[in-house]
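Asker: The structure's right below; bear with me while I get my questions together.
The values are calculated or read from the model by the stated rules, or taken from the named source; none is laboratory data. Fair warning: this is a prediction, and the values are worked out from it, not measured in the lab. When we count neighbours, we look across all protein chains shown, and the Cβ atoms used for this are built from the backbone with ideal geometry, even at glycine. Each accessible area value is taken on the protein alone, full model and side chains, heavy atoms only, with ligands, DNA and RNA left out. Shrake-Rupley method; radii C 1.70, N 1.55, O 1.52, S 1.80 Å.
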Amino acid sequence: MNVRASSFEQGPIRPPNEARSLLLRLTRNCPWNQCLFCPVYKTRKFSLRSVEEIKQDIQTARNIADDILALSHQLGRNGAVDDEVISRISNGPGYSQCYRGMAVWMYYGTNACFLQDADNLIMKTDDLVAVLTFLREKFPEITRVTTYSRSKTISRKSGESLKRIRKAGLNRVHIGLETGYDPLLKFMKKGVTAAVQIEAGRKLMEAGVEVSEYVMPGLGGQAMWREHAMETARVLNQINPHFIRLRSLRVPDRIPLYENLKNGSFVMQTDDALAEEIRLFIASLDGITSRVTSDHIMNLLEDVSGKLPEDKEAMLKVIQSYQDLPDKERLIFRLGRRGGAYRSIDDFRRDTATYQKINLLIQNIEASEGAPGVERYITEMVDRYI
Ligand code: SF4
């Protein structure tokens with residue numbers, strides 16, 4: 001068998017913080033697939049993969065890793081996957097995408113593995129335990145295994161099952177909580193209630209699994225933003241997850257929510273209103289020790305991040321510093337942020353050359369298309385990331 005041309009199956013997405021994790025696919029697509037705001041699996045059908053098939057993929061991944069180690073020794077690098085090994089693999093003919101991806105994973109040495117796709121706890125506990133055990137046997141160097149799952153699915157597992165899964169090697173579950181406001185969960189067809197989300201989060205925590213809850217600023221639109229912010233904080237205050245990750249709503253034309261946008265039954269938050277929504281959300285987090293991150297490119301204020309409770313004031317200050325900017329400067333910051341020029345308000349303050357360029361760009365767009373043209377330009381830029 002030609003190891004260099006071999007591959008294993010991988011799915012379409014992973015969380016931003018798993019960019020350098022080894023990706024293995026346990027199930028295909030999403031078994032729920034109804035959320036109005038979700039662009040990911042809409043045209044694809046969910047299916048389970050058999051334990052044998054997944055084990056075969058893990059074995060292929062191991063064979064590739066061993067081949068890369070052998071190449072490293074052959075090149076006199078003593079098993080290190082460094083620039084020279086990477087360059088040989090990147091420039092050589094006949095290497096599969098998976099082979100190259102594995103080399104990059106070994107180069108970064110994160111020792112982390114993310115299991116795709118959207119809801120792997122839907123697997124039978126025995127099957128998931130068998131897969132995790134095999135993965136840990138074949139890759140003893142892996143120190144962190146994470147996956148996505150739905151609260152509803154997690155709530156159906158017994159505490160005992162979750163403990164077995166944890167013991168077999170699953171360290172962390174990323175959950176798309178999105179909102180804790182029941183009317184909004186219903187409107188968005190999330191298929192879960194706030195009470196079930198609390199139950200699921202707590203169950204995982206009790207089983208010793210790290211919990212990472214994704215929240216979606218903007219999801220309440222202009223009608224429900226306040227309840228969205230406060231109820232989501234209320235739910236999280238009862239879970240106290242390890243991580244709270246912000247990933248703001250965008251509505252490209254390929255998702256169901258776009259219809260609501262067109263017919264006026266959903267109105268997007270403006271960036272300024274979104275800043276106020278996030279301020280209210282952070283201010284309402286109380287009595288918990290979670291780490292908050294905004295590490296998604298679609299977030300306006302990436303540096304709203306820190307550990308609760310000690311960094312709460314600093315996070316609120318970041319939002320305030322955006323809100324205190326004069327109108328023109330907020331517009332320049334927004335355009336620069338959405339175009340990838342700034343990551344923070346500090347960048348914006350430091351980089352005067354970029355400031356001047358963006359200012360000129362805004363003047364040009366306004367001269368030809370007026371103020372709505374600038375807003376269109378910003379929307380187009382941010383939607384590129386979806
Ligand atoms: S459960 Fe997750 S992956 Fe499935 S449709 Fe909803 S947001 Fe998308």
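Asker: Work out which GluC sites (Glu not before Pro) in the chain are exposed loop sites (DSSP not H, G, I, E or B, at most 16 other Cβ within 10 Å) and give the longest gap free of them.
Answerer: 142-309
Asker: Taking loop as defined by DSSP and a crowding limit of 12 other beta carbons within 10 Å, which trypsin sites (Lys or Arg not before Pro) in region 95-141 fit?
Answerer: Lys124
Asker: Would region 42-88 count as rounded, prolate or oblate if I go by the C-alpha gyration tensor, calling it rounded below 1.5 in a/c and otherwise prolate when a/b exceeds b/c, oblate otherwise?
Answerer: Taking the square roots of the gyration eigenvalues as a ≥ b ≥ c, region 42-88 is oblate.
Asker: To the nearest 10 degrees, how steep is helix 51-74 against the longest Cα principal axis of the chain, on a 0 to 90 scale?
Answerer: It is inclined by approximately 80 degrees.
Asker: Counting only other residues whose beta carbon sits under 12 Å from that of Ala65, what net charge do I get with K and R as +1, D and E as -1? Don't skip to the end; give the middle numbers.
Answerer: On the way: positive: Arg62, Lys138; negative: Asp66, Asp67, Glu141.
Counting the neighbours of Ala65, the net charge comes to -1.
Asker: Using a 1.4 Å probe on the protein heavy atoms only, what accessible surface does Asp66 show? Give it in Å² to the nearest 10.
Answerer: Number for this one is 70 Å².
Asker: Let me ask another. Quick one: if you stick a label point 7 Å off each Cα along the C-beta vector at Glu380 and Ser265, how many nm between them?
Answerer: For the pair Glu380/Ser265, the computed spacing is 3.0 nm.
Asker: Sort region 326-386 into rounded, prolate or oblate with this rule: let a ≥ b ≥ c be the square roots of the eigenvalues of the Cα gyration tensor; rounded if a/c is under 1.5, and if a/c is not under 1.5, prolate when a/b is larger than b/c, oblate otherwise.
Answerer: oblate
Asker: Taking the Cβ of Arg330 as the centre, find all other residues whose Cβ is under 9 Å away and add up their charges (Lys, Arg: +1; Asp, Glu: -1).
Answerer: Charge balance in the 9 Å sphere: -2.
Asker: How far is helix 221-239 tilted off the main Cα axis of the chain, in degrees rounded to 10, range 0 to 90?
Answerer: So the helix axis and the longest Cα principal axis differ by about 50 degrees.
Asker: Report, to the nearest whole %, how much of the accessible area of region 326-386 belongs to carbon and sulfur atoms, 1.4 Å probe, protein only.
Answerer: The C+S portion of the solvent-accessible surface of region 326-386 is 50 percent.
Asker: Turning to a different aspect of this structure: Which angle between 0 and 90 degrees, to the nearest 10, do you get for helix 194-206 versus the longest principal axis of the chain when only C-alpha atoms count?
Answerer: Roughly 40 degrees, rounded to the nearest 10.
Asker: Counting each DSSP H run of 4 or more residues in the chain as -39500 (n - 2.57), what helix-only mean residue ellipticity at 222 nm follows after dividing by all residues, to the nearest 500 deg cm²/dmol? All intermediate terms of the calculation are to be shown ahead of the outcome.
Answerer: Details: 16 runs with 195 residues, N = 386.
Computed mean residue ellipticity for the chain: -15500 deg cm²/dmol.
Asker: Of His228, Ile332, Met106, whose Cα points farthest to the positive end of the dipole of the chain (charges on the beta-carbon: +1 Lys, Arg; -1 Asp, Glu; origin at the Cα centre)?
Answerer: In the chain, that residue is Met106.
Asker: Which loop-located trypsin sites (Lys or Arg not before Pro) does region 319-386 contain, where loop means any DSSP state but H, G, I, E or B and the Cβ has at most 14 other Cβ atoms within 10 Å?
Answerer: Qualifying residues, ordered by number: Arg343, Arg384.
Asker: Here's something else I'd like to know. Rolling a 1.4 angstrom probe over the protein heavy atoms, how many square angstrom per residue are accessible across the chain?
Answerer: On the way: 17170 Å² over 386 residues.
Result: 44 Å² per residue.
Asker: Between beta-carbons, use under 9 Å as the cut-off and find the net charge around Trp225, counting Lys and Arg +1, Asp and Glu -1.
Answerer: Combined, the nearby Lys, Arg, Asp and Glu give -2.
Asker: Hey, rough spin-label estimate for Lys328 and Thr289, points 7 angstrom out along Cα→Cβ, what's it come to in nanometres?
Answerer: For the pair Lys328/Thr289, the computed spacing is 4.9 nm.
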